[in-house]
Amino acid sequence: QQQHRRGRARTECRIQSLSAREPTYKFDSEAGTTEFWDRNNEEFECAGVAAVRNVIQPQGLLLPHYNNAPQLLYIVQGSGLLGTVIPGCAETYESPQRERSMRGEESREGESQFRTGGDQHQKVRQFRQGDVLALPAGVTLWFYNNGQQRLVTVALLDTSNPANQLDLQFRHFFLAGNPNPRGQSGSRYEEEIRGRREQEQGEQQQQRCQTGNLFDGFDQNLLADVFNVDPELVRNLQGREDQRGRIIRVERFDVLSPEFEEREEQRPSREREGRRGSQPNGLEETICTMRLRENLGRPSRADVYNPRGGRISTLNSHNLPILNWLQLSAERGVLYQNAIMAPYWNMNAHSILYILRGSGRIQVVGDTGNSVFNDEVREGQMLIVPQNFAVVKRAGNQGLDYIAFKTNDQAMTSPLAGRLSAIRAMPEEVLMNSYQISRQEARSLKYNREEATVFAGRRSGGYST
Amino acid sequence: QQQHRRGRARTECRIQSLSAREPTYKFDSEAGTTEFWDRNNEEFECAGVAAVRNVIQPQGLLLPHYNNAPQLLYIVQGSGLLGTVIPGCAETYESPQRERSMRGEESREGESQFRTGGDQHQKVRQFRQGDVLALPAGVTLWFYNNGQQRLVTVALLDTSNPANQLDLQFRHFFLAGNPNPRGQSGSRYEEEIRGRREQEQGEQQQQRCQTGNLFDGFDQNLLADVFNVDPELVRNLQGREDQRGRIIRVERFDVLSPEFEEREEQRPSREREGRRGSQPNGLEETICTMRLRENLGRPSRADVYNPRGGRISTLNSHNLPILNWLQLSAERGVLYQNAIMAPYWNMNAHSILYILRGSGRIQVVGDTGNSVFNDEVREGQMLIVPQNFAVVKRAGNQGLDYIAFKTNDQAMTSPLAGRLSAIRAMPEEVLMNSYQISRQEARSLKYNREEATVFAGRRSGGYST
Amino acid sequence: QQQHRRGRARTECRIQSLSAREPTYKFDSEAGTTEFWDRNNEEFECAGVAAVRNVIQPQGLLLPHYNNAPQLLYIVQGSGLLGTVIPGCAETYESPQRERSMRGEESREGESQFRTGGDQHQKVRQFRQGDVLALPAGVTLWFYNNGQQRLVTVALLDTSNPANQLDLQFRHFFLAGNPNPRGQSGSRYEEEIRGRREQEQGEQQQQRCQTGNLFDGFDQNLLADVFNVDPELVRNLQGREDQRGRIIRVERFDVLSPEFEEREEQRPSREREGRRGSQPNGLEETICTMRLRENLGRPSRADVYNPRGGRISTLNSHNLPILNWLQLSAERGVLYQNAIMAPYWNMNAHSILYILRGSGRIQVVGDTGNSVFNDEVREGQMLIVPQNFAVVKRAGNQGLDYIAFKTNDQAMTSPLAGRLSAIRAMPEEVLMNSYQISRQEARSLKYNREEATVFAGRRSGGYST
C-alpha cells in the first residue's frame, strides 16, 4: 500500500528567519476564490509543501480535479459535500426516486444506450466545520457547498511526499471547466501558470495560450470516438469558452448523500455496503471504504485537556488509518486566554501551523540557539516550524485556535517543560551540573509545572521581542 | 526486506514536449549489440530511469555483471538462460554426468584442491519471448542465448529507486571481459564512458585508459593470493587484452538447466530444493527461491480482454512478489486494428512505454491542458508518460503491441472514459453543471461506452495532429 | 513505525578517488574533546553521512542534546552511562536512598512544590568498550564517563536518512551549556558554526553572536513563566556565561544505574519494568523498552570465524530490532596478521569504515574497473566505500581491527572470492568462456579458497601500489 519512491528535489533548510504568512496569489471564480501561499520562500522550500485556501460560496461547486500531492484539508468554516473517484470502486450510491421519473423520459426518447434506472455514482461524503479530510494524490475530487454560509477550507499539499514522483511543483489537473480563463481576475498566480504554459508551448502554438482542462489537450474527434458521442458534446468537455473559473454556481444540486451523522465510524453497515459489487483491485480493501474524515472541532475529542489552559486534539494513523498511506498527521489546538503551549520540538516532522482564530505570540529557536521567529500571529496566517526547531506559543487575550499539519503520520513532539518534558525525565544530577544549579533548583525545574503540555496563563504580556 | 533510503538527485519535470525515442548509443560486441537510450533529456530525467536494449546472437553470452539499479527486463524475441548469483544462496544445481568424466581427469592431474564431483552452481532459469524478468540491484547476472534466433531484450533500469544509494548515473559493474575495449566500434556511449574514466584517473595514469572489469582495478599479486592461484591466471580474470566486448560467442555451452516449463510456480518441489544446504542469511527465505519471471505474452494471461479491441496483462507485486522489493510493475498491451486504449492517467507511477510491434497514435496531456505529445509511434520506440499526465493510445491498421514499465509495484490508473471511468463514477449533477450539458448528455458521457478500458475501433484515422 | 519521507538533497557520486581521513575540526571542552570529519568532500557527500568522535575524560559529562539524524555510535574505549529521553516514556528509575535523606531537607525548607520522595528519571544504560549504541534522531541524549580511563566514541550520523527532513547539514541541538563559547579553542568547526549564526542573524544582532543552547533563543521571562521559576534561574538554563563547552567535569555524579550486566537481553524482568506506569503513546511499545545496545567486541559474538584469519561480527535489524527503524547496521572485523578480507561489494549500502587498531592495505575499485583507493590505513582513520564498489582489505603485521557502519539495516555483501563468492556460484562454462581459461583453471578459481570470507594471510606485502 505504501509508496516508497525517493523524492528528487533539493531543498535547503538554512533558515535565517521565519514569517507568518498570508496567501500570496488570489484567483476569483464565479462562486468563490482560491488563494495560494507562495512556495518560493525558504521555509516552504525546506518543508517541501504547498498550501491552498478555498472560499466557496453557498451553492458553489469546486470542479472535479486531482493533484500531484496528497493533502490534508481542514474545514475552517461551513459544511459541504465531498465527491471522490477512486478507480475500481463501485458506484454504490443509487437514486431510486429519480430513477422512476427518468425512466419515463428515457423510454419516450428511446436512447437505448442509457442504462435504465436512476443515477449511480461513487460514495459522496458530507463534511462540516472542524473536519479534517485526508485526500490521496491522483484521486479525482469535487466539493460542493450545500450549507447556508461560506465554506472555507485550508489545505496542506505535501509535494515532497513519496506519492509524488514529479518535481516539487504543485499541480492541479482539472477534468472540467477552464480553470484559469483569460481575462478573469488577472492574479499573479494566473500569470505564473499562463506564463509556464506559454513557455512550454513555445512558438508553435503562440496564438492559443489559455490553460484548459485535461480534455482540452486531446483531439476533439478522438474524444468523440472515445466517448461515442457527438463531437459537439466534446466541446463542452473541453470547456474552452467557459468563463466561470474553478468554482461554479449550481443552484439546484440534487446529489444523493446520506443524512449527516456525527461520526462515520459509528456506521459499520455503510462500511460494508461500500464493498458490494465493486471491481476487485489491490486498493479495494483499503480505499473504497476507507474513512477519509475525522472531526477535530468538538471539545470532547480532546486528547490533552487543561480546564484552565485549553485542549489539543491529535489525528494520526492510529485513529485515521489512511494517514499511514499519506504519511501526514494533524493537531488541533485551542489555547484559552494567555495560556501557554509548553515549548517543544517536533522530533520527526515539520509542523505547518494555520491560525484559525484569535492571536498570540510564537517563538521559534534553531539549532544554534538562534531565535528565528518571535512575533504575534493572527487568524489566517500560516507559519512553518521546521523539524527539530523548538517552539513556544502563548495565546493572546482572545485565546488562540490553530490547526497544525505535520509531515509524518505519527508525528512526535518532545516538550521542554511540564510533566512530559525532557527536563523532568533527566536525573537531578544531570540538571544540577549542566545548569550549575542546586538540587533544590533542579527540583523546581522538574516539578514546578505539573501540567502536561498546555499551561494556564499567569502573567499577561511583558515579554521582550 | 525493503530499502527506504532517500534518493538524492534533483530532477525537474517541466515537460514541454515528449518524444518517442530510439536508442542513442550503440555498442557492438563479438556476439551481439547493446543500445542505450540517452538519459540526458527531460523526460528521462523527470522519471529518473535509464533503458537498455540488448540483441544477443544465438550462442551469445552476455558477460557476468551487476547494476546499481533494479531492472525489469522484457524478452522481446527469442529465448535463453538467465544466471543469477545471490550471496548466501546455495549451489543447488549439480551435474552428475560431468562429475564422472571429470573425476578421471582430476585424479590423473592430482590437483588436490579440486572438489571431487561435477560442477555445482546456483539456479539457472530458462526464459523465452514474452517473459518479464525482475532483477534486483547488485545481483550478478549473465544471459545466454540457447535458442535458434536472435535474443532481443529491453530493460528499464530504475536509477532513482531507493535500492540505489549512488547518484542517478546508471552503472554496469562487469566481473569479466573488457566491456568497452579501445578500438572496438567507436560509439558515443563508449566515448562517454572512456572520457569519464580518463577524467577520473587524471594525469597519473594517462597512458592506460580503456575501461576494464572489476578485477582490473585490483593488484594482480593480491588477487593471486586471494584466489590462491597463479598470477598468470589473474591476468585472464582482469581481461585487459580481451577484445570481444560484453557479449561473447560460446559455441559449446554445457550448462545444466531444467527443461523449459510453462510456469515456474507450478513446480513447488524446486522451490523447496533451493533451500537445502544454503548459507543462512536475511534474504535466504525470500530471495534464493523467489520467482523472478512471469510470462505476459500468452493471450490467456490477459487481465482485460475485449475480443473486438484487444487485451491487457498486468504484472504487479500481487502476482510477482519480488516486485514489492523492486517497487516496479509492468503492463503488456495488445491493441487490435484501430482499437483505442481509453484515456487515463497514472495515479502513482511514471509509465515507460516500449512499442513491441505495429504502430499507432498516442496523445499525452499535461496539467495545464497542454498537449505534450501527439504523434505516431512505431516498433522499437520508447515513450515516457509522466505520472498524472493523461494519455490515450489508438492502434493503427496493423494493431499496436507494447510493454509499459511502471515505477510503482502497484501502479494504478484512473480512466477518463469507459466503464471504469471517473466520468461514470461522478453524479450526473456534477457532469451537467461542470460541462453545462443536459442530463441526457451527461448520461451519454457516462454510458455510451460500456467497454472497460480497451475500446473497439470505429473510425479509421482522421484525427488532427 | 517507519518514516518514509523522501530525502531532499542532491548528491553526486562521481568518485575519482577516496581518502582515508582523520577528523578535520576539533573542539575542546572542559572534560574532553569533540572532533568532526569534514563533510565537504565527495565521498561524504555521496554517502550523505557525517561522523563525529568524542573523547570524554573520566568524570566527564557530554551535555544533553539531540541530533537531526539517527546515529550508530561505537565505544572504541572505556565505559560510561547513556541517558536518553523519549517523550511519553515513564520515569522508571527511582532512588529510594536519596529519597529519605532528601525528605529531611525538604521539610526543613518547606518547598511545597517539591515532590516528596527521591529523584525519578527515565532509564539509564551502562555501556562499555565494544558496544554499538543505536540512537534515533530527535531523542535527547547525555553521556557520562563513570570509568577509570578515557571514553572514546566514534559515531556515524546518517543525515540522508528519511528520519531527517531538514537538509543534509548535520545539526546538534543542545539543551544545556554553551556548546561553542567564544574564546574557547578557536577551531575551524567553531568558526564555521559561529559564521553561520552570524550570517543568519544578519545585522540586527551583530553584537551577540556566540552560539547558545535552545533555551538561549527564548525570552527569559516567558521561560520563567513556562517553568514557574524565578527569572534568575532561567539565566542558568540559558547558560550564556558558561565557558565549559560541551563536555563538563562532574566529580560527584550520583545517578542511579543498574549493575553492569553482560547482556541486556538476558534481563527480561527489566524490560517489563519499563512499561509500568508509562504514558501511552504510539512508540511506547517499541521504544521505551527497546534495546539500543549490543556488544560486538567479544570474540564469542563472531558470526564469521577463521582461527587463522580473524572474525567478523555483524549487527543488523534481525539481532537489534531498532535498526529497522534507523535503517543502519554495523560490522565489526578483526583481521589477524596479514589476513585478507575477501574482495566483495556492498549490494545495498554504503560502508563507512573506521580503523580501530592496527593497520593494513585497502583497495577499492569502481564501475569502470578504475582503482579509486589503494593505500595503507591506520588506527583512527575513516574510509567510505560507496555502494557497489568492490573492496579488498589486507591486514598488516599487527593485524587490523575495524568497525564498519552501513546505510541499510540489512546490508548485504557479495564476495568475489572464497566459499560464498560469485565466482563459485557460477557454472564452470561461464567462467571458462568469460575468462578464456580451461576447465581446470575455472575449478581452481572456484575451489582453491575454501575459506568463507576471512582468509589466512600467506605472503607478506609485496603488492604494488
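The values are calculated or read from the model by the stated rules, or taken from the named source; none is laboratory data. Values in this document were obtained by computation on a predicted structure and should not be read as measured data. Note that we place each Cβ from the backbone using ideal geometry, even for glycine, and neighbour counts take in every protein chain shown. Ligands, DNA and RNA are stripped out before the accessible areas are found, and what is left, the full protein with its side chains, is counted by its heavy atoms. Shrake-Rupley method; radii C 1.70, N 1.55, O 1.52, S 1.80 Å.
Put a dot 7 Å past each Cα toward the Cβ at C:Ala456 and C:Arg252; how far apart are the dots in nm? In this crude label model, C:Arg252 to C:Ala456 measures out at 5.9 nm. The packing ranking, built from the mean of other Cβ atoms within 10 Å per residue, places the peptides C:385-391, B:15-21 in the order C:385-391, B:15-21, highest first.
Pairwise Cα distances in the range C:317-399 exceed 20 Å for 37 percent of all pairs. Counting only lysines at least 8 places from A:Lys446 when in the same chain, those with an alpha carbon closer than 18 Å to its own are C:Lys123.
Shielding by partners for A:81-88, please: the mean number of other protein chain Cβ atoms within 10 Å of each residue's Cβ.
Values: counts 2, 0, 5, 3, 8, 5, 12, 5.
The per-residue average across the peptide is 5.
Reachable lysines from C:Lys26, Cα under 17 Å, same-chain residues fewer than 8 places away excluded? Output for C:Lys26: empty list, no partners.
Neighbours of A:Val250, meaning other residues whose beta-carbon lies under 11 angstrom from its beta-carbon, give a summed charge of -1 when Lys and Arg score +1 and Asp and Glu score -1. Computed from the alpha carbon atoms alone, the convex hull of the range A:350-457 holds 117 Å³ per residue.
With R₀ set to 35 Å, the beta-carbon distance separating A:Glu241 from A:Ser359 gives a calculated FRET efficiency near 0.20. In this structure the range C:311-393 gives 20 Å² per residue of accessible area when probed at 1.4 Å with all protein chains present. The phi-based Karplus calculation (6.51 cos²θ - 1.76 cosθ + 1.60; θ = phi - 60°) puts the 3J(HN,Hα) values of the range A:361-371 at 10, 10, 10, 10, 10, x, 6, 9, x, 7, 7 Hz, whole numbers, x for Gly and Pro. Each peptide in C:212-225, A:341-354 gets a packing score, the mean of other Cβ atoms within 10 Å over its residues, and the list from highest to lowest is A:341-354, C:212-225. Over the range B:14-101, the reciprocal of the mean inverse Cα-Cα separation, the Kirkwood hydrodynamic radius, stands at 16.6 Å. Per-residue Cβ counts within 10 Å, from other chains only, averaged over B:224-236: what number is that? Counting Cβ atoms of other protein chains within 10 Å of each residue's Cβ and averaging gives 6. Interface size, chains C and B: roughly 7700 Å² of accessible area buried, both sides included, 1.4 Å probe, rounded to the nearest 100. Taking amide H positions as modeled 1.01 Å from N, with prolines and chain starts lacking one, the residues under 5 Å from C:Gly360 and 5 or more places away or on another chain are C:Val377, C:Gly396. For B:Lys406, the lysines whose Cα comes closer than 18 Å to its Cα, not counting residues fewer than 8 places off in the same chain, are B:Lys393.
Mean silhouette area of the range B:359-404, derived from the convex hull of its C-alpha atoms and averaged over all directions, reads 3.1 nm². Inter-chain neighbour count for A:53-65: the average number of beta-carbon atoms from partner chains within 10 Å of each residue's beta-carbon is 1. Multiplying the residue separation of B:Asn221 and B:Asp303 by 0.36 nm and removing their Cα-Cα distance gives an extension gain of 23.8 nm.
In order along the range B:400-412, phi translates into HN-Hα couplings of 8, 10, 8, 10, 10, 9, 10, 8, 7, 6, 9, 4, 10 Hz, rounded to whole numbers, per the Karplus curve 6.51 cos²θ - 1.76 cosθ + 1.60 with θ = phi - 60° and x for Gly and Pro.
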